[in-house]
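Structure first, commentary second.
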Amino acid sequence: MNREKGPLSVTQLNEYLKMLMDGDRVLSDLFVRGEISNLTVARSGHIYFTLKDEMGQLRAVMFRTYADRLRIRLSDGMRVIVHGHVSLYGPTGQYQLYADELQPDGIGTLAMQFEQLKRKLQAEGLFDPERKRPIPPMPTRVGIITSPTGAAIHDMIRVSGRRFPCAELILYPSLVQGAEAAEQLASGIIFFEMTKMVDVIIIGRGGGSAEDLWAFNDEMLARTIADCTVPVISAVGHESDFTICDFVADLRAPTPSAAAELALPDGEALLGWLYESRERLQTAMTKKISAERRMLDALTQSPALLHPERLTEPYRMVLNLAEENLDRAAENAATARREMLLHQCARLEALNPLSVLARGYAVVERDGETLTRAASVAVGDQISVRFADGDIHAVATTGKESV
């Protein structure tokens, strides 16, 4: 007993042990093999039972959420493999197995490994539909990774030739069973990924035992397929066979023949669609041309095209009226200017000294100076007299005496 901290309560100890169990990596995710005994199905739907073997026993519970998924009927004495986690139940102080999956024993170690890897990759999101790449609708090149001597490649060649013969098939030969098969299959994926020479990849083989198909449950191969940017179709075994490649691939085909069906379009159906499209296009173009021709005929019979001069008649009348108004305005302006000019000329004429001379007056000048008084003229001065019709020169005989 720790004298410094004092004794723990039963609840505190149970909570501490529960925390240790829940944080243990082994106890939080494990498979347990045993025989069912003391089986009880509660009204709530929960299943309580004991797993036992020759040397010990373990209490277990499967809550209704997981029990509803079972596809087998449980009974005492049934040997099973249970997946779940171990934790402590505080009120009783007993640890027990909390089961979430259960299957009959006898499927062997390979099946357990399959379930463990499937659970691991699924938790990482490698099976999520969101990451699946779409298969191209009309690939021109299809990469096939399989045995060059197996029935699968012959089936795919046959289906391809019947369905879409213009597609090119590129085979990457590989082992499909045995210790080295998974590495060769992954190399094929990497080859097509690096070269980008195909539009879609088919990986698979024909049917066989679980051991024969085991190469397609390899984790490295599954991750290689998941990382490939070229869409991958998995076609392993028969329709009832499932492998890890089926879950991680972009599309699962039940058989290699079905993979070729899924990868390639139906050439005959496509050709029929093209013929129908051509006929629909021709019909649509004929209708369009007829409609445009009717519109053109209607336009050619329109008054605007038959008598285009009529379009300008209203504007011609407006133009003529504007021309008349302009002429009238110009004439009025000229008359007004003429009258103003005559008036100014009359005024100028009235101020013209020659007009005064015409009435009998004259201008007397001496040396260019106009003389206005007789007293300014001396006897003997040379003077000029300007009349309206000319000048005369004279010598003053009267006037003041010159000094």
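The values are calculated or read from the model by the stated rules, or taken from the named source; none is laboratory data. None of these values were measured; they are calculated from a predicted model. Here the Cβ positions follow ideal geometry from the backbone for every residue, glycine too, while neighbour counts run over all protein chains shown. Note: areas computed on protein heavy atoms with side chains; ligands, DNA, RNA excluded. Shrake-Rupley method; radii C 1.70, N 1.55, O 1.52, S 1.80 Å.
Per residue, what accessible area does region 1-114 have, given a 1.4 Å probe and all protein chains present, in Å²?
It amounts to 69 Å² per residue over region 1-114.
Given the chain, what count of lysine pairs have C-alpha atoms under 26 Å apart, with each pair 8 or more places apart or on different chains?
So the count of such lysine pairs works out to 6.
Looking at the chain from every direction and averaging, what is the projected area of its Cα convex hull in nm²?
If I average the Cα hull's projected area over directions, I get 70.5 nm².
What order, most packed first, do the peptides 116-129, 202-215 have when packing is the mean number of other Cβ atoms within 10 Å of each residue?
The densest-packed peptide leads the list: 202-215, 116-129.
Order of 8-19, 176-187 by packing, highest average Cβ count within 10 Å first?
176-187, 8-19
Can you list residues from other chains, or at least 5 along the same chain, whose modelled amide H is less than 5 Å from the amide H of residue 172?
Close amide H contacts, sequence-distant or interchain: 144, 145, 146.
Accessible area of region 48-116 with a 1.4 Å probe: how many percent of it is carbon plus sulfur?
Of the solvent-accessible surface of region 48-116, carbon and sulfur hold 48 percent.
Which whole-number value in Å² is the accessible area per residue of region 320-403, probe 1.4 Å?
Per-residue value: 82 Å².
Which value does Rg/Rh take for region 250-309 over its C-alpha atoms, Rh per Kirkwood?
So for region 250-309, dividing Rg by the Kirkwood Rh gives 1.55.
In whole angstrom, how far apart do the alpha carbon centroids of region 59-104 and region 196-244 sit?
Cα centres, region 59-104 to region 196-244: 33 Å.
For a protection proxy built on the mean count of beta-carbon atoms within 10 angstrom, sort 144-151, 92-99, 323-330, 255-262 highest first, please.
Ranked by mean Cβ neighbours within 10 Å, highest first: 255-262, 144-151, 92-99, 323-330.
Could you work out the relative contact order of the chain, using alpha carbon pairs under 8 angstrom and six or more residues apart, expressed as a whole percent?
9 percent
I'd like the carbon and sulfur percentage of the solvent accessible area for region 246-403, probe radius 1.4 Å, heavy atoms only, ligands and nucleic acids excluded.
61 percent
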